Ligand SMILES: [Zn+2]
């Protein structure tokens, strides 16, 4: 089946797909009309409603309208729902009248769904329906009438049950006490709100990737803190520029937040970053997006320290804001901050790698992590993301 792109122009991102997204699932819909996929996407792009979706599929082809790394508004679960914020939406066309055209469209949706699962290395457990979210709308209506299980079965077959490295069926989700321990550490250190179910499922994997651990030279690691310190100093707050988020900086950040009428919590997230980057003479030409050289400096630091891949456009737009919130700075007592590193060290040690359990990601741990990745035939990059975490928790 053909997949063609007709992507929404970026000047409509603020309406249709304002947020950067790391997808964790697929959300299936029926259009409840009789338009073709081309027309469905063209209409979605043309109108100024928020409603949006990544793909429309008909009896001929799939048409993509939203990039998979941006969110869309389709699951009726609001601003922060997992459907809207983590789901790749697929609309199956011709569901109003049904018949042969719908059957073919649905079969193409089966193929598209399977190909997306393969691409991400996902199992059938990642296939969800609109009805699973928000107000539980009866959608995909015709697919539901004709049997949701049948749809899932056909996706499983298309996925190829023999090729288990491509599709991991839900029964293969890693589940044990190690995972539970890991979830507790993640909730404690990163305020993840993971369900403590001991299952290394989609949510856990997404968090493992969001908060990847990696060895970085301390001075590099501190460049973002240093940047924030410099900004505070330039704005009249006296503090030392030492790149380390200690109790004095914590006090100054809270003072700054109070002075700017922000929430006084000491977290350097998007609102605080915005205030730090603002000129005294703020000019907002395109919408309300802050744009100046300071933002550009900040983007460079974020790319350097966190490998963000932010476009260096000097605009504090949706991507920049998402990264500001993903990598929030905060003063934490070192022992807490290090609990996740300590947890990983303990796992490595239990698995036979000799290293000291000091909660600090130094060059020796970097070497051991890479050795572990090599031993498990993982990508040897020293990054502790979902694949490495999964092997550690086995
Ligand atoms: Zn729907």
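The values are calculated or read from the model by the stated rules, or taken from the named source; none is laboratory data. Computed from a predicted model, the values in this text were never measured in an experiment. Cβ sites come from the backbone with ideal geometry, for glycine too, and all protein chains shown count toward neighbours.
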Residues located in the stretch 339-394, provided they are surrounded by 14 or more Cβ atoms within 10 Å (Cβ to Cβ), free of Cβ contacts under 8 Å to residues at least 12 places away in the same chain and in a loop (DSSP other than H, G, I, E, B): 380
If I filter the stretch 337-344 for residues that are over 27 Å from residue 299 (Cα atoms) and touching a strand residue (DSSP E or B) at 6+ places or on another chain (Cβ under 9 Å), do I get at least one hit? yes
Taking the stretch 1-33 on its own, how many of its residues are within 16 Å of the ligand (Cβ to nearest atom) and assigned to a loop (DSSP other than H, G, I, E, B)? 3
Flag if residue 41 is farther than 26 Å from residue 323 by Cβ, in contact with a strand residue (DSSP E or B) (Cβ under 8 Å, 6 or more places away or on another chain), at pLDDT 95 or above and not assigned by TED's automatic domain parsing to the domain that holds residue 204: yes
Qualifying strands (runs of 3 or more DSSP E) (wholly inside the stretch 43-111; at least 3 residues being within 20 Å of the chain's Cα centre (by Cα) and either within 14 Å of the ligand (Cβ to nearest atom) or buried (at least 20 other Cβ atoms within 10 Å of the Cβ) (or both)): 87-92
Subset of the stretch 112-141 that is within 16 Å of the ligand (Cβ to nearest atom) and at positive phi - its residue that is surrounded by the most Cβ atoms within 10 Å (Cβ to Cβ): 134
